[in-house]
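First comes the structure, then the notes that go with it.
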Amino acid sequence: MPPLLPAMVRCNRGVGRWFWICIGIIALVTAIAMLGSGEPPWTMALIGLGAAALFTLTRAILPRLTISPAEQSIHTRRRVVPYRAVSAIHFRRPQKAGIWVDFAGEDRRRPLARLAIDETLMAPATVEQWAALRQMIALVAGRGSASHVGTELVPDEGRIPAWRDRPVEPDQAIAALDAQLAWCQAGNRSGHRRAPMRALLGRVVVIHRHA
């Protein structure tokens, strides 16, 4: 069973192991270069200050996201997006920037918000975040006659481009997320190669709307 959710679930928070790996590599390479060049010891302090500045800058520019189960809305840095404005949820394939979930609106061109899953500079998704995502899909997919879920995309007057990735039924996505919740609650790493959420990567949960 999904855990009880708080009124607000903070996402895209903290920093993950990839951030510290990058910082460690930069610090190590810089230290070796400085020691080899015979620079004075105070240069090591500059390395620490530079790492701290990079940490602060990264925290400042990373996309902010809070899911509010109580309000049924998504809060980003600049706007509040109600669940009903989400027409598709895209589980993106792993990229250089990591694994993300995009929340798409009616035009499906630019995501309304982005959720960091794993292999990003942020901490991996938590049990609460997976539960909030599951609840959102269940609610958006269950809006009654206002929506219908199909297996193919029907462009709206030619304005909506076709998805490159395959659509997936909401009940299939919910089943995978239930398995992901059980996986994380058992103490396993959220983004492990055997994590159930991997089955959703490269898939799109699509909700069609009718006038």
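The values are calculated or read from the model by the stated rules, or taken from the named source; none is laboratory data. Please read these numbers as outputs of a predicted model, since none were measured by experiment. So basically every Cβ, Gly included, is an ideal-geometry build from the backbone, and we count neighbours across all protein chains shown. Side chains included, ligands, DNA and RNA excluded: accessible areas come from the protein's heavy atoms. Shrake-Rupley method; radii C 1.70, N 1.55, O 1.52, S 1.80 Å.
Some notes on this structure:
- The set of residues from the range 96-123 being open to solvent by 50 Å² or more (accessible area, probe 1.4 Å) and either over 11 Å from the mean Cα position of the chain (by Cα) or under 16 Å from R64 (Cα atoms) (or both) comprises K96, A97, E106, D107, R109, R110, P111, R114, L121.
- Search result, residues across the range 51-79 that are of a type outside the set (A, V, I, L, M, F, W, C), open to solvent by less than 50 Å² (accessible area, probe 1.4 Å) and at pLDDT below 75: T58
- Condition met for D178 (charged (D, E, K, R), within 19 Å of the chain's Cα centre (by Cα) and modelled with pLDDT of 90 or more): yes
- Filtering the range 107-142 to residues that are within 16 Å of S73 (Cα to Cα) and not aliphatic (A, V, I, L, M) leaves P111, R114, E128, Q129, W130, R134, Q135, G142.
- Among residues of the range 67-96 that are in the same structural domain as R110 (by the TED database), those with a Cβ under 8 angstrom from a residue that is open to solvent by 40 Å² or more (accessible area, probe 1.4 Å) and among the small types (G, A, S), sequence gap 6+ or separate chain, pair up as S68/A7; P69/A7; A70/A7; E71/A7.
- Condition check for A27: touching a helix residue (DSSP H, G or I) at 6+ places or on another chain (Cβ under 9 Å), open to solvent by less than 30 Å² (accessible area, probe 1.4 Å) and at pLDDT below 75: no
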